[in-house]
1. Compute the distance in nm between two label points, each set 7 Å from the Cα along the Cα-to-Cβ direction, one at ALA276 and one at TRP110.
2. Over all distinct Cα pairs, what is the inverse of the mean 1/r for segment 276-319, reported as the Kirkwood hydrodynamic radius in Å?
3. Sorted by average packing, counted as other Cβ atoms within 10 angstrom per residue and highest first, what order do 54-61, 233-240 take?
4. Work out how much length ASP68 to GLU208 would gain on full extension: take 0.36 nm times their residue separation and subtract the Cα-Cα distance, in nm to one decimal.
5. Report the Cα-based extents of segment 99-218 along its three principal axes, largest first, to the nearest Å.
6. Need the C-alpha centroid separation for segment 305-351 versus segment 128-151, integer Å.
7. What is the set of long-range amide H partners of ASP130 at a cut-off below 5 Å, with H atoms built 1.01 Å from backbone N?
8. Based on the Cβ-Cβ distance from ASP27 to HIS140, what FRET efficiency comes out when R0 is 35 Å, to the nearest 0.05?
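The values are calculated or read from the model by the stated rules, or taken from the named source; none is laboratory data. Computed from a predicted structure; not experimentally measured. Cβ placement follows ideal geometry from the backbone for every residue including glycine, while neighbour counts extend to all protein chains displayed. In case anyone asks, the SASA skips ligands and DNA or RNA and just uses the protein heavy atoms, side chains included. Shrake-Rupley method; radii C 1.70, N 1.55, O 1.52, S 1.80 Å.
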Amino acid sequence: MTTPTKRLSLPDPVLTDRYLHVVGDGDEAAAIALVTGLLADGVPPARVIVDLIGAAQRRVGELWAANDWSIAREHAATAVSERALATVGALSPAQAYRGRITLACVDGEWHGLPARMFAELLRLDGWRVDFLGASVPGRHLITHLHQTGPDAVALSCMIPTRLPRAHTAITACRAAGIPVIAGGRGFGPDGRWAQLLGADAWAATGEEAVDRLVTLTASSAADIPSFGDLNGFASPSDEEYTHLVRARPHLIATAMERLAATYPEAHQYTRDQADATAEDLGHIVDFLAAALYIGDPQIFTDFTSWTAEVLASRHVPPAALEAGLRLIQDQLIDFPTATTMLDAGLATLSR
Ligand code: B12
């Protein structure tokens, strides 16, 4: 009599930890062996994608934010995960019988891996997927749609700063008569900003989207009620948004010039610290611009709370972020909505 061996299944925190360990080591061979073993043991490929690779990538994000992992280690781990995902794809053939989806990351969105994970989930569910990868400029997306005639477009956005570009893409796709499903954390809690920008559908996870796409592609863009409000959305602070985008380089340069006067520690900054500060000021302006475009201060207050945590784990006190916010605010006295949003951001720091 043989002893039954325990079959592997996912989610399993022990397996995720093991996978995280090997990707953290940059050990491509071990990661590939792990996913190959799981598939051989009958674990469904979608589970390997979502519960192993996806779960580990979320942990990678937390470890990077907490300053436990360097950017280089995150990059190496992500590169290994890309190879592991490719292995899952290569070992899991699927028939394309449903229809054709174009999947693209919004212009300026460099998180290609979550979209690639979603592409594999769609392929496993029987769709033919044209995966266009990271940062696809709107006009090139539309040209591709005219050349290939997909049943739907899937747009991926992980960072809210890309929402104005997402809006352009959604509007253009719908004008071309092709329905749009939006996804990725950049579209906000419950996909509320996808709805505002006129997407036909939104899904929290790749798996949820797989179900939603069947309904979406059963009707044409013209006759499905839009999940959002394509014609109704007008950026509530259009003038302030436009000013902020145009003045971005000047706002950052002026804030850098004035920094040491309001935050004396900056006198001692190394070149790297000064570069990182200029980059952080750029993020302040970009998140503020997105909040103005959408008309939702939460985009900005989420950003300030998150940045304060990231900086704290790098031993940068909240006073540094406060100085940055005030240096931008001082240059925007004629812009009431931006000023109010900056005040809301400053208030998150005192909490
Ligand atoms: C790897 C990584 C990067 C890599 C990306 C490389 C690559 N090839 O993808 C690089 C280095 C480029 C990067 C850059 C940045 N990143 Co980054 N990154 C990550 C990290 C660690 C993993 C991303 C990943 O692989 N996720 C995979 C899984 C976990 O994602 P998932 O959401 O579950 O995926 C599913 C859904 O999203 C869905 N889905 C995806 N697309 C679509 C589309 C549709 C239509 C649908 C329906 C569903 C759907 O399907 C997926 C599969 O189920 C995340 C952490 C995280 N939690 O995701 C941070 C993270 C997203 N990054 C973050 C940040 C801040 C940045 C930077 C701004 C950093 C900086 N200072 O420059 C830049 C921004 C670059 C840009 N403009 O795009 C933050 C965002 C925080 C915020 N405020 O929103 C995160 C959350 C890290 C953190 N913990 O703080 N990053």
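1. Reported label-point gap for ALA276 and TRP110 is 1.7 nm.
2. Every distinct Cα pair counted, the radius reaches 10.8 Å.
3. Highest-to-lowest ranking by the protection proxy: 54-61, 233-240.
4. Extending this stretch completely gives an extra 47.2 nm.
5. Taking max minus min along each principal axis of the Cα atoms, segment 99-218 gives 32, 28, 24 Å.
6. With segment 305-351 and segment 128-151 each reduced to a Cα centre, they are spaced 38 Å.
7. ILE101, THR102, LEU103
8. Once rounded, the FRET efficiency stands at 0.45.
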